[in-house]
Amino acid sequence: MTRTLRFVVIALLAVALLPLASVPTAAQEPVTLRVTNWAGVDEAAEFQEIVDEVNANNTEFQIVYEPKPDDYYVQLQTQLAGGTAPDLMWLDQNHMEWAYDGVLLDISEYLANDDRDVASPDDYFPGVWQTVAINDGIYGLPWIAQPVVLYYNRDIFDEMGVEYPTADWTWEEFRAAAEALTNEEHYGFTLNGWPPIHMFIWSFGGEVISEDLQTSPIDTPEAIEGARLYADMIYNPACCPSQETIAEEGFGEMFKAGRVAMFMGGAADDHDRVEGLNVGVSPVPKGATGENTTFAWTAATVINDDTEYPDLAYEALIQLTEGIHNWKIVSPRVSQANVEHLVASEPRKEANAAAILEAVPYMRAFRIVPRMAEWDQIFWEDFQDPLFHGEDTVENLAADARILLEDVLGD
């Protein structure tokens with residue numbers, strides 16, 4: 001072997017023996033993360049813009065968005081069962097019971113080591129945060145909190161000589177106004193199972209599920225008083241349309257057509273921007289607690305416990321949530337509960353932004369229990385529906401239903 005050839009061989013051996021880390025490699029490809037939700041065409045297009053912005057600012061991962069506007073939960077359950085579910089997904093509060101089934105990732109440790117505001121439990125309203133803080137874990141981040149507010153038709157109030165609602169109204173004043181606003185042309189109020197009867201029970205100081213999730217005290221005097229008010233109004237022709245009329249003309253449609261003076265809807269609803277309708281917004285009336293306690297529809301973005309990339313999925317969750325909080329109203333975060341932020345997110349709410357924000361501190365969502373769907377079914381079939389149809393007294397129905405509801409909680 002010549003001297004030159006020997007040097008070449010030695011050099012090649014030296015390169016071969018170098019640690020792998022010192023050998024130049026091609027840039028690593030970003031990880032693909034999948035996210036899904038129930039958005040329809042328009043909402044999906046808006047969500048895609050948020051995804052695109054997150055993707056533009058990341059090289060470690062890229063998000064692929066897979067909307068499922070039809071049979072969302074059926075498709076999602078099938079995917080979870082088959083091990084093909086996306087890394088991230090939307091769940092409304094009624095489906096957060098999945099946290100008890102081991103299919104959602106507990107992000108408690110991630111949040112504890114993250115100093116961003118969007119990751120701080122203290123920056124979320126407690127009544128909303130409880131939907132993700134489950135069984136000593138935290139399963140996702142809330143992305144919306146829609147408190148129920150009172151929409152009212154100013155023209156009907158003016159016509160009937162009734163003062164506009166205020167946050168100081170009591171339920172007695174509300175019911176009196178509903179009756180005073182009713183004539184052959186329009187009704188004062190309407191309800192058909194919405195808003196949830198839970199809101200009325202809470203407003204009078206009652207509970208449907210105790211804080212420790214062990215009891216359903218719907219037979220207490222406070223709970224009965226709230227449930228009775230609801231039942232007394234739902235079939236009262238002196239203030240509200242019959243269920244047959246609602247079925248014929250449409251629930252929300254009756255308000256939009258000027259057939260109802262007051263309607264309770266979510267803060268993000270479009271009832272205050274109907275062409276030709278002069279609509280104001282107020283918090284729901286004060287109850288026995290002295291507060292304008294209201295129900296909030298909430299939803300969260302959660303992480304699939306089977307994700308292959310939990311660290312990156314968490315980072316994607318944080319960035320997506322921040323984007324959604326600047327898109328959907330009402331943001332569930334205390335630091336964003338101001339007129340400027342709400343209007344920037346939804347300019348069409350500018351006229352009523354201040355009134356909406358009056359409701360925000362008093363909103364609360366459902367408490368989440370392991371067999372939520374079963375509990376809900378019993379609550380409806382054995383208490384709420386027979387109450388609405390006058391099949392028995394509220395006292396008797398509540399006492400009997402409580403036994404069944406607590407059987408579910410105790411298992």
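At 1.4 Å probe size, with the rest of the protein present, what percent of the exposed accessible area of the stretch 95-238 is carbon and sulfur atoms?
With neighbouring chains kept in place, the figure for the stretch 95-238 is 45 percent.
Rank D114, D136, D306 by mean-square fluctuation in a GNM of the chain with C-alpha springs under 10 angstrom and give only the top-ranked residue.
Greatest mean-square fluctuation among the candidates belongs to D136.
Which residues' amide hydrogens lie under 5 Å from the amide hydrogen of A288, considering only partners 5 or more residues apart or on another chain, with H built in the peptide plane?
Sorted by chain and number, the residues that satisfy this are F204, G205.
Mind checking which of Q336, Q77, Q28 has the largest fluctuation in a GNM of the chain, springs on alpha carbons under 10 Å?
Q28
Can you list the lysines whose alpha carbon is less than 23 Å from that of K328, not counting same-chain residues fewer than 8 positions off?
By straight Cα distance, K328 reaches K68, K256, K349.
About its Cα centre, how strong a charge dipole does the chain have in debye, to the nearest 20, once Lys and Arg get +1 and Asp and Glu get -1 at the Cβ?
With only Lys, Arg, Asp and Glu charged at Cβ, the dipole is about 1640 debye.
Along the charge dipole of the chain, pointing to its positive end and built from +1/-1 on Cβ of Lys, Arg, Asp and Glu, which listed residue (M372, N192, G205) has its Cα farthest out?
The one lying farthest along the dipole's positive direction is M372.
Would you check the accessible area of I209, probe 1.4 Å, heavy atoms only, in square angstrom rounded to 10?
10 Å²
Ratio of alpha-carbon Rg to the 2.2 N^0.38 Å globular estimate for the stretch 181-255, to two decimals, please.
For the stretch 181-255, the normalised Cα radius of gyration is 1.30.
At a threshold of 8 angstrom on Cα-Cα distance, excluding pairs fewer than six apart, so keeping six or more, what relative contact order does the chain reach in percent? Walk me through the numbers on the way to the answer.
Values: 687 pairs, mean separation 95.9, N = 411.
In percent, rounded to a whole number, it is 23.
Mean residue ellipticity at 222 nm from the helices of the chain, using -39,500 (n - 2.57) per DSSP H segment of n ≥ 4 over the full residue count, to the nearest 500 deg cm²/dmol?
Working: 17 runs with 160 residues, N = 411.
Computed ellipticity for the chain at 222 nm equals -11000 deg cm²/dmol.
Which value results when the Cα radius of gyration for the stretch 121-270 is divided by 2.2 N^0.38 Å? Before the final figure, lay out the partial values.
Working: Rg = 17.5 Å, N = 150, 2.2 N^0.38 = 14.8 Å.
Normalised by 2.2 N^0.38 Å, the Cα Rg of the stretch 121-270 equals 1.19.
If eta is 0.692 mPa s and T is 37 °C, what Stokes-Einstein diffusion coefficient results for the chain, Kirkwood Rh from Cα pairs, in µm²/s?
The calculation lands on 138 µm²/s.
If I fit a long axis through the Cα atoms of helix 3-16 and take the longest principal axis of the Cα atoms of the chain, what angle between them do I get, 0 to 90°, rounded to 10?
20 degrees
Applying a 10 Å radius around every beta-carbon, put 258-266, 41-49 in order of their mean neighbour count, most first. Can you show the working numbers first?
Working: 258-266: 22.3, 41-49: 13.0.
Descending packing order for the listed peptides: 258-266, 41-49.
For the chain, set up a GNM with springs between Cα atoms under 10 Å and report which of G280, G205, G290 has the largest fluctuation.
The residue with the greatest mean-square fluctuation here is G290.
Taking only Cα atoms, what is the 0 to 90° angle, nearest 10, from helix 310-325's long axis to the longest principal axis of the chain?
In the chain, helix 310-325 runs at an angle near 40 degrees to the longest axis.
Angle, helix 72-82 long axis vs. longest principal axis of the chain, Cα atoms, 0 to 90°, nearest 10?
40 degrees
Can you pull the one-decimal nm distance between simple spin-label points at E253 and V64, each 7 Å off the Cα toward Cβ?
Output for this residue pair reads 4.0 nm.
With bins 10 Å wide starting at 0, give me the P(r) of the stretch 67-152 over every alpha carbon pair, in whole percents.
Here the calculated profile for the stretch 67-152 is 14, 44, 30, 11, 1.
Can you give me the % of accessible surface on the stretch 285-356 that is carbon or sulfur? Probe 1.4 Å, all protein chains present, nothing else counted.
Heavy-atom surface of the stretch 285-356 belonging to carbon and sulfur, 1.4 Å probe: 49 percent.
Tell me the relative contact order for the stretch 278-395 as a rounded percent, counting alpha carbon contacts under 8 Å between residues six or more apart.
After rounding, I find 29 percent.
In the stretch 123-212, which GluC sites (Glu not before Pro) fall in coil by DSSP and have 15 or fewer other Cβ atoms within 10 Å?
Hits after loop and neighbour filter: E163, E184, E185, E211.
Over the stretch 150-195, with the other protein chains present, what is the accessible area per residue in square angstrom, probe 1.4 angstrom?
Accessible surface, normalised per residue, equals 46 Å².
Using alpha carbon centroids, what distance separates the stretch 304-373 and the stretch 45-77, in Å?
Here the two parts' Cα centres lie 17 Å apart.
The values are calculated or read from the model by the stated rules, or taken from the named source; none is laboratory data. Note that the structure is predicted; figures quoted are calculated from it, not measured. Ideal geometry is used to build each Cβ from the backbone, glycine not excepted, and the neighbour counts take in all protein chains shown. The protein model used for the area step is the full one, side chains on, heavy atoms only, and it has no ligands, DNA or RNA in it. Shrake-Rupley method; radii C 1.70, N 1.55, O 1.52, S 1.80 Å.
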